[in-house]
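Have a look at the structure below before the remarks.
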Amino acid sequence: QVHLVESGGGLVQPGGSLRLSCVVSGSMFSIYTMDWYRQGPGLQREWVAGITSRGNTNYADSVKGRFTISRDNAKNTVYLQMNSLKPEDTAVYHCNVLYGTNEYWGQGTQVTVSS
């Protein structure tokens, strides 16, 4: 069983920044591809960004140029740096691991962008 714990969410004004963290249990973190998803109020969950074990990154068009995903294998942690936040970025953000047929989710962290 793999446990994921997100943190770093909060209330921020439009144009502001937040950095989310996701700590992953176990000894296999370095080989996982890690993803961030979000689910806004009344919306379906959407993929936000991903990073492979080699550090290759990919982003949804809606966040490209504003969000940066990174990882620290020594700390079993994946990050999501979010800049130039917009009200439409308001959502619960979850990190995710899909390894073979096993998929794991964190409990999520709330991000609210509002003035």
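The values are calculated or read from the model by the stated rules, or taken from the named source; none is laboratory data. Here the structure is a predicted model, which means the values were calculated and not measured. Backbone-built Cβ (ideal geometry, glycine too); neighbour counts: all protein chains shown. We work out accessible area using only protein heavy atoms, side chains counted, and drop any ligands, DNA or RNA first. Shrake-Rupley method; radii C 1.70, N 1.55, O 1.52, S 1.80 Å.
Can you name every residue in the range 1-17 that is out of contact with any helix residue (DSSP H, G or I) (no Cβ under 8 Å at 6 or more places or on another chain) and either open to solvent by 30 Å² or more (accessible area, probe 1.4 Å) or assigned to a loop (DSSP other than H, G, I, E, B) (or both)? Walk me through how you get there before you give the answer.
Filtering the range 1-17 down to residues out of contact with any helix residue (DSSP H, G or I) (no Cβ under 8 Å at 6 or more places or on another chain) leaves 1-13, 15-17.
Across the range 1-17, the qualifying residues are GLN1, VAL2, HIS3, VAL5, SER7, GLY8, GLY9, LEU11, GLN13, GLY15, GLY16, SER17.
Hey, any hits in the range 87-97 for a residue that's open to solvent by 70 Å² or more (accessible area, probe 1.4 Å), part of a loop (DSSP other than H, G, I, E, B) and either in contact (Cβ under 8 Å) with a residue 60 or more places away in the chain or not hydrophobic (A, V, I, L, M, F, W, C) (or both)? No, because not a single residue in the range 87-97 is open to solvent by 70 Å² or more (accessible area, probe 1.4 Å), part of a loop (DSSP other than H, G, I, E, B) and either in contact (Cβ under 8 Å) with a residue 60 or more places away in the chain or not hydrophobic (A, V, I, L, M, F, W, C) (or both).
Looking across the range 98-115 at every residue that is farther than 12 Å from ARG19 by Cα and touching a Phe, Trp or Tyr at 6+ places or on another chain (Cβ under 7 Å), the one that is most open to solvent (accessible area, probe 1.4 Å) is identified as TYR99. A count restricted to the range 56-67 and to residues that are open to solvent by less than 50 Å² (accessible area, probe 1.4 Å) and either closer than 12 Å to ASP35 by Cα or outside any loop (DSSP other than H, G, I, E, B) (or both) stands at 3.
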